Every structure is written in C-alpha cells, then in structure tokens.
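Following: one structure in structure tokens, then a few remarks.
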C-alpha cells in the first residue's frame, strides 16, 4: 500500500550507498553476548575479508569478554540478514555476498555468555 | 422580567457555536486543503462535542491561577536552595533527560497544534487544537524556567538546542514528533492526543512526577502536575476526535485503526526508553515501570479499548508484545545509557546494592537471571579500574531510531532484529511493530536521519568514533558526560554536603 | 472485572474537599495515595458532585475549578454545573 500524500512524494534514501564513498555499512552481532548491548555498525571497504574484519575490528570491541578467548571460527554458525549462511572467512565481504546495510550474526554452540545469561 | 441564567451546556453552545461560516468567494476545499486527503470522511462537523465545556474566559481564569501557583513555588524553591534537598544528585539525570528530550516535544506539540488548529474545517476542533497549542507552549516555557535554576549548579542543562539536532538519543523523540507533524491533521491528532497523551503519558507523568516529589524536587512536581492537568483536557480531545471520526463514517474505521496501531507502537517505544527514569534514575523509588504498565495500560488502557470496541476498534497491534517486554526493556535501555554515556549530556552509573535488591523484588527472576550478571560484571570491571564504555556505534532501528537493544520476547538472550528491502536497499528494525510501520510508508522512513549512519557519512563534523562524536556534541567526560561517580556533579554534591554521600544505603530507605 | 474509570488530584488542601466528596458520593471508589497525589478508581462510573463539595467546604464552589488541582483522568466525560461524570459505555 502506498503512502497517502498531498502531492508527488519521492525522495532518495538518506543512507544510499552513494553516500559512503565506496564503502558499505555493515552490522554484526555475536549472539548470546549482550554485554555490548546492541549489534555494532561498521563502515568498511567491501573488499576486506571477513577474517580481517573479525580480527581487526570485531574482536577488539569485545576483548573485555571472558569468552572471547574461547571463540573458534570453525564452530561458528552464521546468519546473513537472519537467514542461515555459510561464509568463506578468507573471501571479501563482496565475494561473500555481503552488501550495504547487511546484518551478520554468529553463534558458537556452548558459548552462552557469563553464567549462561546471554551476556 | 427576570432573566433565566443559562446552564453550562447552553452557555457553552451559545459561546462556541455559529461562529463559523461557509466561505463564498473561495471554495471550502481550497480554504481547508488538508482535511480530506487522508480519506477520512466527515459528514457533519456540528456533531463535534467538546468533552470539557471550558469557554475561553474560564480557560484564561484557571490557567492564570495555575501559573500563579507554579511561579510562587518555583520562587520559593530557588530562594531556599531547593536543589540541596534532593535525595541525591543522580536524580538529575532524569531531569536532564526531560530538559533535553521532553521539553522540545512540548514545543513541537505547540507547533503541531498551531498547524492543525488551522486545518480542520470544523470550528470546534480548530478551537480545541488552538487551546492545546497555547498549553503546549506554556509547558515548554514553564519547564525551561524551572530547569534554569538547576542550570546554575549542574551540568547538562545549557545547550538544549545544540544537542537536539545532534545527539543520538534525542533523534528518537525528535523523529517521533516530526513523523506526526508531517502526517495529515487527523493522523497528527490521533497520534499525539489519543495514542500518546491518552493511552501512554499517564505512565510517565503520574508515577514519575510523584517520584520527583518523593525525591525532593518540588519544582518538577509542580510544573509536572500543572502540565498534566492540561494534559487531561488534551487526552479527552484525543478521545473525542477518535469517537467523532468513527461515528462519522464506517470507512474511517480501518484508517483510524491503522493510525492507532502505528502510534501505539511508536509511543510505547518512546516511553519505554524513559521507563528507565522510574527504575534507574529515581534514587528513592515509587513504582516500577512494570507496575506502572500494569496499572496504566493493562487496567486503564484495556478499559478504554473495551469502550472503543463498539465502534469496531480492536486493541492496538502488538500490545501483547509490549506487555511481555515490560519485564526487560528498562534494564536493557539502562545498559545502553551505562555503556554509551561518554556521548550523552547526562551521567549514568551502576545501580547501588539497595537498588539491585529493589529491582530483584520488582522484576524477580527476570532481573536476577538476565540483568544482575551484567551489572556484576560491570562492577568487577569498575573495581579493576576498567569502567566499560562502548566505543562502537550501534545498529539503530530505521523507524523508532532507538539503538537496537531489544531481545526476542520469548528469549531474552537472543538479539531481536528485523529486515526489509525496498527499491533494492536493505533496512533494519528492532521489532515487527517498527517493521510494519516502515512497510506501510517506506517513502517516508527511507529518509530517516539516523545518527550512526550520518556519523559514518561524515555529517557529524567528520567524527568516526564515539569520542570524536562526543566532542562534536560539546560533551566532555566528567563535565556533561561519563559515569556519575567520576563527575563534577558528584564532586560538587559532596562538597555542598560536607563530603557526605547522600546515596541511600538500604532498600528500606528507598521505600515510601 | 468491571472496567475502571479514574480521576487523580494533587494531594493538597484545596483538593481535599473534592477528594472527600468523591469518596462520599461513590461508595465503590478506591483511593490510592502516592507521594504528592491521589488516584481514585471506580468501576464503570464516577461522579463529582458540586453540592457535596460545597457541603464539605462550607461555601459556593465552581465545579470547573477542579481543573486547578486535577492531574489526570480516564473515561468519557459529561460535565454540567452540578455534576462532573466519568463513565464507560454509550454516550
């Protein structure tokens, strides 16, 4: 259903990819680890590999978490936009099919946060 | 001949009806161009009934009396250094949030009602909106006046306009009202007067303002209740608009239901954020958010909707989700404030032990199982000298603009997120409620000015990190921002109280 | 459970004769006190009567002046110079 308006109403999205100078906006969440209380947003070049993203950006944001040292890339279950997904860690975001405003999340069975509380 | 005195009803009719006319040299549709395009059909504007029969002379009389009372109390509060009698200076975080987030909404409401006060072709509705526009301006002014006293002694009160257009947490209330103000006049009045004021503001203004009294803030108590007495007129305007529109034509029912669904959810999301004021910012507690939700929504709100069911209106969509979330959202929101307070013009802190006990008592297993462990972990980090602050921008909901701290209602360990695609672009949301609103109006919400995205696009003075962004907000750690217990406000508070910490030490001290 | 209407006032000397009158005229009403305010709930209907307030006060009272100390309410309103009624149900 379209919007009801008093006249022509057509404006470009505020966050269109053209505004990111060749980069993309990406979100990432470590499931059951809510000490950082929201999924984080990143501005990234689309040719960074998923592994580099995790090592250089994601992990340092969570280095205060006691379970970080137990993280094992081989055991992660991934989703892309909340659908099951099997990425290749050493491929770029682009080659993994990650696009502007994509939402990644991963869960490692057995890691359920401090005292199993999802934190 | 003895003249019979007119009854209130007759007097009201004589003084408020027949003041309007059908235009002759311009068509009515050109004079009132905005009150038909929403598809709302009005057959007879004369069926409009004002719930309060308050004529203009009576309105001025009672408003003047309220003002005199209010300013007498504000004067005495400042002359007696009332700020020193607050329970604890932590309390002021709530008042800073009010000044920065709520007072600008009063002004926005003034603008919105001035606009729709011109747009309805029925004179009764126009007059009611114009009176409300005056009330809202009064609220903005009396609040700023009351807070100006605190501005002499505490940080965070001095640059509301600068903050309003820049701060991430203020884009939430700002975008809420801008959504309403850019809608048609019927949607505006349904959103603000009905969904927000009638259904939801009691949740904040009654228990929180009562809590302000309990924590020694006579100034806020007085303007808060003085404003709320105007609100009770506004609420009845909201209910009248809804009933009037529903009685006019059956085609109006689905349109009104869509407005009610949308604005219940938007209002709930906005208010839930300030539910933290009751659970975390009042050092002496009055009522929990969950209890307030039980009284003002589950009792009073459901009674209202039972009454509206005869018009074919059902309960707002996702109301049952809101009720399930009552045990979680204030804790989750406070976690965001606690971790992101380097970029806020208010302070946050870890709840004191007596407050943790109070939260356990009010929220039971929910708090002990899911939220206490977080606070304890943060406490350990504080003890180790590593007070945790987030350094990354969050995912923010495209509709409500709240950082997505929400979890799935049936699994509080699982991050909640929803997705939609429109014209080949991805959008993300905190909930089904917010996603539905976007899907109905993607042309509007695709333009949302979302703070993290704007920062990353270089529109926040070139800032890329939270620290650079805070500098652009003109928020300094220890002055406007950061943890309360390392702030100037706390240091000054100790100095003014002979180095005595006024933080209550037991939950007994915190009970009424 | 019958749906409740409510009215709430600042808890001060000016409002007290009004609060007392409401409790007198509405036997099923329940009064709750919170800091600085009272909330009165009643099943389906609640009436505020000028005559009862005047009896408590010992002088004439304009019913519209309840606005000065009114905080909030819920219910459909019917207002005359003698009575202020809050009720659910058809108007």
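Any read-out appearing in this document is the output of simple, stated calculations on the displayed coordinates, not a laboratory observation. These figures come from a predicted structure and were not determined experimentally. With ideal geometry, Cβ positions are generated from the backbone for all residues, glycine too; neighbour counts draw on all protein chains shown.
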Quiz item: What percent antiparallel are the DSSP beta bridges of the protein assembly as shown, to the nearest 5?
Solution: 85
Practice problem: Could you check what % of the DSSP bridge pairs in segment A:24-116 are antiparallel, to the nearest 5? | Solution: 70
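Given the DSSP H assignment, sum -39500 (n - 2.57) over each helix run of at least 4 residues in chain A and divide by its residue total; what's the result at 222 nm in deg cm²/dmol, nearest 500?
Working: 1 runs with 4 residues, N = 119.
The helix-only estimate for chain A comes to -500 deg cm²/dmol at 222 nm.
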Quiz item: So what does the Cα-only Debye profile of segment B:427-503 read at q = 0.17, 0.20, 0.24 Å⁻¹, as log10 I(q)/I(0), no solvent term?
Solution: -0.79, -0.88, -1.01
Exercise. Show that you can apply the helix-only estimate: for chain C, add -39,500 (n - 2.57) for every DSSP H stretch of four or more residues, divide by all residues, and state [θ] at 222 nm to the nearest 500.
Key: -5500 deg cm²/dmol
Practice problem: Please find, in a Gaussian network model of chain C (springs between Cα atoms separated by less than 10 Å), the residue of C:45, C:16, C:59 whose mean-square fluctuation is greatest. | Solution: C:59
Quiz item: In degrees, nearest 10, range 0 to 90: what is the angle between the Cα axis of helix B:353-366 and the longest Cα principal axis of chain B?
Solution: 60
Quiz item: Relative to the first principal axis of the alpha-carbon coordinates of chain B, what is the inclination of helix B:218-248, with its axis defined by its Cα atoms, in degrees from 0 to 90 and to the nearest 10?
Solution: 40
Quiz prompt | Helix B:171-181 axis, angle to chain B major axis (alpha carbon atoms, nearest 10°) | solution = 10
Exercise. Mind jotting down the distance between the C-alpha centroids of segment B:31-50 and segment B:54-81, whole Å?
Key: 35
Exercise. Of the DSSP beta bridges with both residues in chain B, give the percent that are antiparallel, rounding to the nearest 5.
Key: 80
Quiz item: Cα gyration tensor of segment B:1-95, axes a ≥ b ≥ c as square roots of the eigenvalues: rounded (a/c below 1.5), prolate (a/b > b/c) or oblate?
Solution: oblate
Quiz prompt | D_trans [Stokes-Einstein, Kirkwood Rh over alpha-carbon pairs] for the protein assembly as shown, 4 °C, 1.567 mPa s, µm² s⁻¹ | solution = 48
Quiz prompt | For B:416-428, mean number of other protein chain Cβ atoms within 10 Å | solution = 5
Quiz item: In deg cm²/dmol, rounded to 500, what helix-only [θ] at 222 nm does chain B give when every DSSP H run of at least 4 residues adds -39500 (n - 2.57) and the total is split over its residues?
Solution: -16500 deg cm²/dmol
Quiz item: Taking the alpha-carbon centroid of each part, what is the distance from segment B:93-129 to segment A:78-119 in angstrom?
Solution: 44
Quiz item: Highest GNM mean-square fluctuation, chain C, Cα pairs closer than 10 Å: which of C:53, C:66, C:19?
Solution: C:66
Quiz item: For segment A:24-116, what is the convex hull volume of its Cα atoms per residue in Å³?
Solution: 91
Self-check item: At q = 0.06, 0.10, 0.13 Å⁻¹, base-10 log of I(q)/I(0) for chain B (Debye sum, equal scatterers on each alpha carbon)
Solution: -0.29, -0.82, -1.36
Quiz item: If each Cα of segment B:318-382 is one equal point scatterer, what is log10 of I(q)/I(0) from the Debye formula at q = 0.12, 0.15, 0.16, 0.21 Å⁻¹?
Solution: -0.34, -0.51, -0.58, -0.91
Quiz prompt | GNM result for chain A, Cα springs below 10 Å: residue of A:67, A:31, A:18 fluctuating most strongly | solution = A:18
Self-check item: Cα centroid of segment B:456-476 to Cα centroid of segment B:364-406, whole Å
Solution: 22
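Equivalent ellipsoid semi-axes for segment C:4-87, as square roots of 5 times the alpha carbon gyration tensor eigenvalues: give them largest first, rounded to whole Å.
Over the Cα atoms of segment C:4-87, the ellipsoid semi-axes are 17, 15, 12 Å.
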